[in-house]
1. Stretch THR65-PHE93 to full length: gain in nm at 0.36 nm per residue minus the Cα-Cα span?
2. Net charge around LEU20, counting only other residues with Cβ within less than 13 Å of its Cβ (Lys, Arg = +1; Asp, Glu = -1)?
3. FRET efficiency for LYS46 and CYS116, Cβ-Cβ distance as r, R0 = 22 Å, nearest 0.05?
4. Whole Å is fine, so just give me how far the alpha carbon centre of segment 104-135 lies from that of segment 19-53.
5. Put a dot 7 Å past each Cα toward the Cβ at LEU37 and LEU20; how far apart are the dots in nm?
6. Count charges around PHE122 for me, please; just the other residues with Cβ under 13 Å from its Cβ, Lys/Arg as +1, Asp/Glu as -1.
Amino acid sequence: MRVEGIDMHTSAVDRKCQQLEVDISDLRKEQMSLNVLLEQSERSSKELRTMMEVTQRGRKCDEVTDRQKLQTKLNQVNSILRTEQASREEKPFWMEQRISELEKEVVRRQSSEQECLSRLNFTNTELEKYKIKYSEERHKRLWL
C-alpha cells in the first residue's frame, strides 16, 4: 500500500516535471520569437535613422518620397511592435516611447516638407515677378 502511494506520488511528480519542461520549452520558443521580433524592430529602426540622416544631409525638396519611405518604415516598425504586443500580455514602456518618437519624427518631417514647399512656392512666385518685370522692361526698351 505504501509503495503504491509512493509510486503514484513519483508518477505525479514525473508528470509535473514533464509539464514544466514543456512549459520551459514553450517559453524559450516564445523568447526566441520575441528576440527575432526585437532584432527586426531594431534593424528597421536603424534603417529608419539612416534614412533620416541621409534626408537631413543631402535632400531638400525630395521630402515627399522620403516621407513615404519614412512612413513605410514606421508602418513596418509599428507592425512588428504590434505583433510583439499581441504575443505578450502587456506592452513594454520602451516600445511605447519608440512609437511616440517615430510618430514625432513623422510630424517633424511633414512640417519640414511643408516649409520646403512654401519656400519653393515663394521662389517660383518671385521668379515669375522678375520674369514679368524683365519682359516689361525689355518691351519698353524695344519701343524706345
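No lab work stands behind these numbers, since they all come straight from the coordinates. Just so you know, these numbers come straight off a predicted model, no measurement behind them. Reconstructed Cβ throughout: ideal geometry from the backbone, glycine too, with neighbour counts over all protein chains shown.
1. 7.0 nm is the gain from fully extending THR65 to PHE93.
2. Residues near LEU20 contribute -1 overall.
3. The value I calculate is 0.30.
4. Distance between centres, Cα-based: 43 Å.
5. The modelled label-to-label distance comes out at 2.8 nm.
6. -1
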